[in-house]
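This report refers to the structure that appears directly beneath it.
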Amino acid sequence: MTALVVRQDSIALEPALAAATAALRHGLDIGVKVIVAVVDVGGHLTAFLRAPGAFLHSIAIAQDKAYTAVSFGMPTGQLYELIAANPALRDGLIRRERLTAFAGGFPIMVDGRVVGAIGVSGASEAQDCACAQAGLAAVGAS
């Protein structure tokens, strides 16, 4: 008999808040104003922080980076690398609502399973990634 229900693990509130806080704090420590979004395994916003003065457009970008990372189960920068050489795929995918194919979004992995994602926006791609990595490190995720 086929299973009627599929259960999925998802990031809990406290680790989501800890990841967002660590990412934002790292941004402040390196002198950048970022926005951090953490989503659960279904792409729903779980934690969100905005440094005072961070770009307003970065609100949606951070959320879309997290959504894309959880959707594909890979960092958003890696997604771009996969589609860059295929113009039809690249052009088709980047027209999808909420899909972001530039660096700054990372899946949150626990025991090899995606349980959520973190997205950071507001600084350079390298700085966004460093902030997101600080958030992942704060909760012991990869």
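The values are calculated or read from the model by the stated rules, or taken from the named source; none is laboratory data. Note that the coordinates shown come from a computational prediction; the quantities given were computed from them, not determined experimentally. As a convention, Cβ positions derive from the backbone with ideal geometry for all residues, glycine included, and neighbour counts pool all protein chains shown. The protein model used for the area step is the full one, side chains on, heavy atoms only, and it has no ligands, DNA or RNA in it. Shrake-Rupley method; radii C 1.70, N 1.55, O 1.52, S 1.80 Å.
Points to keep in mind about this one:
- Model label points for Phe102 and Tyr80, set 7 angstrom from Cα along the Cα-to-Cβ axis, are 0.6 nm apart.
- Between Leu45, Leu28, Leu82, the residue with the greatest mean-square fluctuation in the GNM of the chain (Cα pairs under 10 Å linked by springs) is Leu82.
- Loop trypsin sites (Lys or Arg not before Pro), the stretch 1-105, which have at most 11 other Cβ atoms in a 10 Å radius of their Cβ (DSSP): Arg7, Arg95, Arg96
- Shape category assigned to the stretch 3-142 from the gyration tensor of Cα positions, a/c cut at 1.5: oblate
- Per-residue ³J(HN,Hα) for the stretch 106-116, Karplus 6.51 cos²θ - 1.76 cosθ + 1.60, θ = phi - 60°, Hz, x for Gly and Pro: 9, x, 9, 10, 10, 6, x, 10, 6, 10, x
- Across the stretch 61-78, rounded Karplus estimates of 3J(HN,Hα) from the backbone phi angles (6.51 cos²θ - 1.76 cosθ + 1.60, θ = phi - 60°) give 5, 4, 5, 5, 4, 5, 4, 5, 5, 6, 5, 9, x, 8, x, 5, x, 5 Hz, Gly and Pro being marked x.
- Length-normalised contact order for the stretch 29-142 - Cα pairs under 8 Å, 6+ apart - percent: 31
- Taking label points 7 Å from Cα along the Cα-to-Cβ direction, Ala12 and Asp29 give a separation of 2.4 nm.
- Remark on Ala123: its backbone amide H falls under 5 Å from those of Asp128, a criterion applied only to residues 5 or more positions apart or on other chains, H modelled at 1.01 Å from N.
- Computed FRET value (nearest 0.05) for Arg90 with Ala3, which takes r as the C-beta separation and R₀ as 35 Å: 0.45
- Probe 1.4 Å, accessible area per residue of the stretch 85-142, Å²: 49
- Using θ = phi - 60° and Karplus 6.51 cos²θ - 1.76 cosθ + 1.60, couplings along the stretch 90-101 (whole Hz; Gly, Pro as x): 4, 5, x, 5, 5, 8, 6, 4, 6, 8, 10, 10
- The charge dipole of the stretch 81-142, taken about the Cα centre with unit charges on the Cβ atoms of Lys, Arg (+1) and Asp, Glu (-1), comes to about 180 debye, rounded to the nearest 20.
- Looking at the stretch 64-129, the GluC sites (Glu not before Pro) that sit in a DSSP loop and have at most 11 other Cβ atoms within 10 Å of their own Cβ are Glu97.
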